[in-house]
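Reviewing the structure listed below.
The values are calculated or read from the model by the stated rules, or taken from the named source; none is laboratory data. These figures come from a predicted structure and were not determined experimentally. Here Cβ is always computed from backbone atoms with ideal geometry, including for glycine, and neighbour counts include all displayed protein chains.
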Amino acid sequence: MSPFRKWQLFAPLGLTLIGAGISLTDHASFLKSQGEPWFWLGTFGLVVLNSGVALMADAVKNRVLYELEVRYSLRPYSNPQGNASKSSKPTRS
């Protein structure tokens, strides 16, 4: 899978997991304040939150790799759809 495709997949998934993890952890803190069982929900919320942060970091890494490939032609240039095109050259901005 190309770095661009990984970025397209991991960035939204990471953001979604971050939001879900924050929501679960917040709900666990509410349950704790009410005196109800909260530990396992809070633990799961933190696991989901950290997974989202890790996916988001990997998405940023893959976007940087893609930008380097395009800018310095580290690989033959391909468009974001993954179809190699020999006639297309990256433009420097």
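Would you mind stating whether GLY35 is more than 23 Å from MET1 (Cβ to Cβ), at pLDDT 95 or above and part of a loop (DSSP other than H, G, I, E, B)?
So GLY35 fits the description; yes.
Here are LEU24, LEU46, LEU31, LEU9: which of them is touching a Ser or Thr at 6+ places or on another chain (Cβ under 8 Å) and either of a type in the set (A, V, I, L, M) or surrounded by fewer than 18 Cβ atoms within 10 Å (Cβ to Cβ) (or both)?
Numbers: LEU24 fails: touching a Ser or Thr at 6+ places or on another chain (Cβ under 8 Å); LEU31 fails: touching a Ser or Thr at 6+ places or on another chain (Cβ under 8 Å); LEU9 fails: touching a Ser or Thr at 6+ places or on another chain (Cβ under 8 Å).
Result of the check over LEU24, LEU46, LEU31, LEU9: LEU46.
Per-residue answers, yes or no, for (1) part of a helix (DSSP H, G or I); (2) modelled with pLDDT under 95; (3) more than 14 Å from TRP7 (Cα to Cα):
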| site | (1), (2), (3) |
| --- | --- |
| VAL48 | yes, no, yes |
| GLY52 | yes, no, no |
| LEU55 | yes, no, no |
| ARG71 | yes, yes, yes |
| LEU74 | no, yes, yes |
